[in-house]
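Peer 1: So that we are looking at the same thing, I have put the structure below in structure tokens.
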Amino acid sequence: MFATRQFTDPEEALAYATEIYNANTALLRDAFKRFSNGGMPEQRTRACYPFVRITTDRATHVDAREAFGFVAGPGVHQTTVTRPELFSRYLVRQFQLLRENHGVPLEIGVSDQPIPVHFAFTDGIHVEGNLDPDHLRHLPDMFDLPDLAAMDDRIVNGTYEAAGAQNGASAPHPLALFSASRVDYSLHRLRHYTATSPDQFQRYVLFTNYAFYVDEFIKLGRLLMERSEDAGEREYRRQYVAFVEPGNVTTWNANFDAPPPGQETAIAGIPPARQPQMPAYHLQRADGTGITLVNIGVGPSNAKTITDHIAVLRPHAWIMLGHCAGLSASQRMGDYVLAHAYVRDDHVLDDDLPLWVPIPALAEVQLALQEAVAGITQLEGYDLKRIMRTGTVASVDDRNWELRDHRIPLLRFSQSRAIALDMESATVAANGFRFRVPYGTLLCVSDKPLHGEIKLPGMANSFYQQRVEQHLKIGIKALELLRDNGMERLHSRKLRSYGEPAFR
């Protein structure tokens, strides 16, 4: 039905990919509706994702300052595409860079990668829920189901090897880090874990491990949506168009003289009956460059899970804001720790990212965090050092590490020069490195277990009241600084290898 076509205009290429995707997912939805209503098709219904491909026979010569947007060398480079309307800005930009750097046409067509019937329903559906036992038994015969072999992270991990030559032609090189089915899988997981739609997520992300930060973010988000009579404050608030909470509950910004486009017909959402595992909140800008906050809870497994899935949205940066144990006697409760290195005792990424791989601090993020701390606290120079230290953060997978024999962990902390300990920061940073997403960590000392100051209810409540609001404002300010400094400076070459797929 759809022939492979060549395009020189990125917008037209995207439109054709969208046409293919919409037609093929509609085909699956219609067939499944008939199937779930009792029909039994005579043959299997299959529809496939659109692909984008470029073919070049020349060596790559680009501006050495560029970090992405070009292929590593001659050959055929291809990827499958899903949800083109959700990723429209991102895809058009990647298409533009390919055209600018290689000057060859973009080929758009239908791939041979089937769309699992579950993923044809972008809002999610319990496909098996309404099927009788006979139809449930025949479901795999009638439709393609999610295939884990087609959605692994070999490209991301650098272990992907193209299949051997077929019919005289070698398999295409990957053009993107994720296949379409891998993206679809994560989009559905995000809805499940956070109780908000993937299209609500913004491109700058804060992670936290305490609900106190969520409470402050909700208070701040709702406040920014209220109308201000102060001209300067109103102008600041107008950069954000809406605040979205779990269940897609939306508060629109009252500082606009006329409703933003789409506000008139927007669905306000319904609060979930119970809180999701990792609730997400979105301070939205019209171009998607607002700020999302996710409460990831406690532990490296949660940190890996949520970053595995948010990565497919190709955020511009993510930052971990949380509490930590201070390991130095000179630290005080409420001091900040700006991580410049990590001890990875979390172990959840050992098979994906070997421990010998360094996780470097990123200068752009470090400077933004330091500037944000100085700006919010109104301290600078030597005075700033009184409340913030730069150093190594150790992340562990055992919350009760204090109850073990201290000799081995204390030796590791001492040898690594660690000044703080938590359970999530190294995981968030390591997955940022793995997924080529700029990352950073700013923690706040909430206890000092090696020095007799353990976290008890009375001490913790006083600490939270004093520091959480300030800490959150620092995180927001840092992301705003990164956004204002420009995406080109943020997405540097530090996170890219020498044989990378072209897409950011």
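The values are calculated or read from the model by the stated rules, or taken from the named source; none is laboratory data. Small disclaimer: the values here were computed from a predicted structure and weren't measured. Heads up, the Cβs are rebuilt from the backbone with ideal geometry, glycines too, and the neighbour counts pull from every protein chain shown.
Peer 1: If I ask for residues that are assigned to a loop (DSSP other than H, G, I, E, B), of a type outside the set (G, A, S) and farther than 11 Å from L362 by Cα, which ones from region 481-498 would you list?
Peer 2: R496, Y498
Peer 1: Another question about this same structure. Between I408, I419, which is of a type in the set (A, V, I, L, M) and either buried (at least 16 other Cβ atoms within 10 Å of the Cβ) or closer than 26 Å to V205 by Cβ (or both)?
Peer 2: It is I419.
Peer 1: Check off (1) farther than 18 Å from D199 by Cα; (2) in contact with a helix residue (DSSP H, G or I) (Cβ under 6 Å, 6 or more places away or on another chain); (3) modelled with pLDDT of 95 or more; (4) small (G, A, S) for S301 and give me the number that stays unchecked.
Peer 2: Failing condition for S301: (2).
Peer 1: Of V52, V104, which residue is surrounded by 14 or more Cβ atoms within 10 Å (Cβ to Cβ) and touching a Leu at 6+ places or on another chain (Cβ under 7 Å)? Steps first, please.
Peer 2: Details: V104 fails: touching a Leu at 6+ places or on another chain (Cβ under 7 Å).
Residue meeting the stated conditions: V52.
Peer 1: Examine region 434-450 for a residue that is among the aromatic types (F, W, Y), in a helix (DSSP H, G or I), under 20 Å from the mean Cα position of the chain (by Cα) and at pLDDT 85 or above, and state whether such a residue exists.
Peer 2: Yes - at least one qualifying residue is present in region 434-450.
Peer 1: Is it the case that region 81-90 has a residue that's at pLDDT 95 or above, of a type in the set (F, W, Y) and within 30 Å of the chain's Cα centre (by Cα)? Give the derivation first.
Peer 2: Residues of region 81-90 that are at pLDDT 95 or above, as a first pass: 81-90.
In the following step, the residues that additionally are of a type in the set (F, W, Y) were identified as 87, 90.
Okay, now just the ones that are also within 30 Å of the chain's Cα centre (by Cα), so 87, 90.
Yes, the conditions are met somewhere in region 81-90.
Peer 1: Need the failing condition index for A26 against (1) closer than 13 Å to L98 by Cα; (2) more than 27 Å from the chain's Cα centre (by Cα), just the number.
Peer 2: Going through (1) closer than 13 Å to L98 by Cα; (2) more than 27 Å from the chain's Cα centre (by Cα) one by one, A26 breaks only (1).
Peer 1: Mind listing just one residue for me: the one in region 62-80 that is surrounded by fewer than 17 Cβ atoms within 10 Å (Cβ to Cβ) and under 23 Å from the mean Cα position of the chain (by Cα) and, of those, nearest to F435 (Cα to Cα)?
Peer 2: A67
Peer 1: State which residue pairs qualify: first residue within 15 Å of R504 (Cβ to Cβ) and inside region 76-93, second residue among the basic types (K, R) and crowded, with 17+ Cβ neighbours inside 10 Å in any location, beta carbons under 7 Å apart, and separation of 6 or more residues or different chains.
Peer 2: Listed by first residue and then by second, the contacts come to H77/R53; Y90/R314.
Peer 1: Quick one: which of A163, A149, A180, A195 is among the small types (G, A, S) and farther than 30 Å from R53 by Cβ?
Peer 2: Values: A163 fails: farther than 30 Å from R53 by Cβ; A149 fails: farther than 30 Å from R53 by Cβ; A180 fails: farther than 30 Å from R53 by Cβ.
One residue alone meets the criteria, A195.
Peer 1: For the condition more than 30 Å from E42 (Cα to Cα) and among the hydrophobic types (A, V, I, L, M, F, W, C), what is the one hit in L136, L148, L190?
Peer 2: L190
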